[in-house]
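Presented below is the structure to which this report refers.
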Amino acid sequence: DIQMTQSPSSVSASVGDRVTITCRASQGISNWLAWYQQKPGKAPKLLIYAASSLQSGVPSRFSGSGSGTDFALTISSLQPEDFATYYCQQANSFPPRFGQGTKLEIK
Amino acid sequence: EVQLVQSGAEVKKPGESLKISCRVSGYSFTSNWIGWVRQMPGQGLEWMGSIYPDDSDTRYSPSFQGQVSISADKSISTAYLQWSSLKASDTAMYYCARGLTGDGGRYFDYWGQGSLLTVSS
């Protein structure tokens with residue numbers, strides 16, 4: 001199985017800040033990576049797929065980058081509604097696996 | 001509008017059986033994979049398995065193979081997740097999710113609201 005490791009596990013930031021969350025795969029996955037946002041008590045929401053493709057309806061302040069084993073999700077200017085937990089997911093090989101999550105909290 | 005509507009919360013005893021459902025609307029049910037994802041209390045997301053409703057091709061995570069069964073009924077656009085003998089460790093929120101069109105269902109673009117399962121004696 002391919003293991004996914006996110007860092008940091010939690011981060012505190014302020015509205016307007018630029019934040020980057022990283023995800024590392026235990027082996028190369030090309031660009032087969034997605035990012036999801038989950039708010040408490042809600043289902044996850046797809047933000048980015050294929051490492052850098054923005055899902056329809058997702059604000060352009062979210063962007064994804066990376067290939068191979070190292071990936072990043074960047075939020076260019078944090079908005080109040082962005083405070084949530086973020087998960088990466090590898091989709092290169094069976095079984096698809098999620099990272100452990102990064103909780104983005106208000107400073 | 002694409003919607004995935006899941007069955008409600010369940011409280012069961014260890015050893016009991018259960019089948020939860022995920023009814024879809026707003027797109028052709030047979031055109032996309034449907035996956036099931038577990039989230040244990042306070043924990044992250046785990047992919048359990050997926051089904052392609054058109055031909056019922058089903059794939060399971062090794063962690064869940066033999067522990068659950070995934071099925072689909074095309075006539076009512078509904079996918080199911082089933083247990084034959086529940087354990088306390090099955091207590092979790094379960095989500096169904098639609099596989100993104102064109103990528104073999106590897107990403108999940110629409111999600112159900114979740115079905116909370118509590119297993120306790």
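Observations
- Answer residue from segment B:102-121, given it is more than 10 Å from chain A (Cβ to nearest Cβ) and either of a type in the set (D, E, K, R) or touching a strand residue (DSSP E or B) at 6+ places or on another chain (Cβ under 8 Å) (or both) and is nearest to B:Pro53 (Cα to Cα) among those: B:Ser115
Residue by residue, here is whether (1) crowded, with 16+ Cβ neighbours inside 10 Å; (2) within 10 Å of chain B (Cβ to nearest Cβ); (3) in contact with an Asp or Glu (Cβ under 9 Å, 6 or more places away or on another chain); (4) within 22 Å of A:Arg18 (Cα to Cα) holds:
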| position | (1), (2), (3), (4) |
| --- | --- |
| A:Gly64 | yes, no, no, yes |
| A:Leu78 | yes, no, yes, yes |
| A:Tyr86 | yes, no, no, yes |
| A:Arg97 | yes, yes, yes, no |
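- Those residues of segment A:51-62 which are of a type in the set (A, V, I, L, M, F, W, C) and within 14 Å of chain B (Cβ to nearest Cβ), in sequence order: A:Ala51, A:Leu54, A:Val58
Where a number appears in this text, it was derived from the coordinates with a stated rule and is not lab data. Quick caveat, the model's predicted, so the values are computed rather than measured. No Cβ is skipped: glycine too gets one built from the backbone with ideal geometry, and neighbour counts run over all protein chains shown.
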